[in-house]
Structure formats: structure tokens, C-alpha cells
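Working notes for the structure below.
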Amino acid sequence: MNAAKLAKYSLVPVARVRIVGREFEIYKEDLERVKLKKCIYAFLIGGKVYRVGSSKAPLKDRLRNYELHITHALKDEKSPTPRQEAEKWKKILPAGRSGVIYARQGTRVTTPIAEFPAYMDEESLMIEELFNDGDLSPNQILNRNKHR
């Protein structure tokens, strides 16, 4: 999965990411879009997508959690992010390299029963594609599971 595929899926750049020392830093560039709720997002680094996710809460809150959790793991502090995952982030974001976070509002679907946000289904489909497209080996992908 690459930038062209993200554009095809209507995701747009909203933030930049890098590691400085042992700090995982995210710079929010689209201050309106990072307020999105029930959205999908992807981390594009070196022309490839390494992680796909969704957020029920405002995206800016989810991105802040990435900063805190991965930074703690990089510093060998207690964190929900496993140390091995932090090491993968460090490998794909060496000094001087940055990535772009793309996002968009999740699609709303109307059925005879109700209208509902399909962002989690969209995330699941993107994760499946990420694992099946062959751009990365499964151990390079930063999603912990093939399914949400």
C-alpha cells in the first residue's frame, strides 16, 4: 500500500511523524482534520504504509497516545506498546527520516435498519490489504494483528 492507494481511498496528509533521540514525535499539520472522530488513518513512511488504524475519539487524542506510548517504550518505561514494536518504529524512522500520517472521516452507511459509521470495517479491509499486498513482510507491518 502506498500514497497513490491512500489517495484513491480519499485519505489525505494530516500530520508528520519522526523519532528524535528516544522521543516519538507527531506534528499535526491539518488542525481541522485531526479533530475527526470515527475516522481511519495510515502511517506512510518511505513510500510504504506500515500501520493502519481507526479512532472513535478525536484523531488528535489517538495520535497523542502514539507519542506517549511509543516514547515510553523507546525509553524502556512501562507502556502498552511492546518494546519490540518500538524497535520496529525506530528501524523504519531512523534519525533524519520522517513519515506522513494520512486520514479521513469514516464512511457512513445507510441500511434499511439504520445509518451507521463503517470506519472500523474500512480499517479491517485496509489491514487485510496491508498484509496481503506484498509491499512489506508481515514482521515489518506495525499492526499487531491481521484483524482489528
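Quick note: the coordinates plus some simple rules give every number you see, no bench work behind them. This one's a predicted model, so the numbers in the text were calculated from it and none came from an experiment. Backbone-built Cβ (ideal geometry, glycine too); neighbour counts: all protein chains shown.
A few comments on the model shown:
- Value of relative contact order over the range 1-132, rounded to a whole percent, pairs C-alpha under 8 Å and six or more apart: 32
- In degrees, nearest ten, helix 59-74 long axis to first principal axis of the chain (Cα): 30
- Computed magnitude of the charge dipole of the range 55-123 (debye, nearest 20; Cβ of K, R +1, Cβ of D, E -1): 300
- Each of Met120 and Asn65 was given a label point 7 Å from its Cα along the Cα-to-Cβ line. The distance between the two points is 1.3 nm.
- Given in Å, the Rg to one decimal and the Dmax to the nearest whole number for the Cα atoms of the chain are 15.1, 53.
- The lysines within cross-link reach of Lys38, meaning a Cα-to-Cα straight distance under 19 Å and a gap of 8 or more places when in the same chain, are Lys28, Lys56, Lys60.
- Structure-based [θ]222 nm, the chain - -39500 (n - 2.57) summed over DSSP H runs of at least 4, per residue, nearest 500: -9500 deg cm²/dmol
- With Cα atoms, 0 to 90° folded angle of helix 119-132 axis to the chain main axis: 60
- The angle between the Cα long axis of helix 83-92 and the main principal axis of the chain comes to about 90°, on a 0 to 90 degree scale.
- Reciprocal mean inverse distance between Cα atoms of the range 46-98 - Kirkwood radius, Å: 12.1
- The alpha carbon convex hull volume per residue for the range 1-43 rounds to 92 Å³.
- Charge tally around Gln140: other residues with Cβ under 10 Å, Lys/Arg +1 each, Asp/Glu -1 each, net +2.
- Reachable lysines from Lys88, criterion Cα separation under 20 angstrom, eight or more residues apart if same chain: Lys48, Lys75, Lys78, Lys146
- Computed from label points 7 Å out along Cα-Cβ, the spacing between Asn2 and Lys37 is 3.7 nm.
- Spatial separation of Cα centroids for the range 1-55 and the range 95-148, in angstrom: 11
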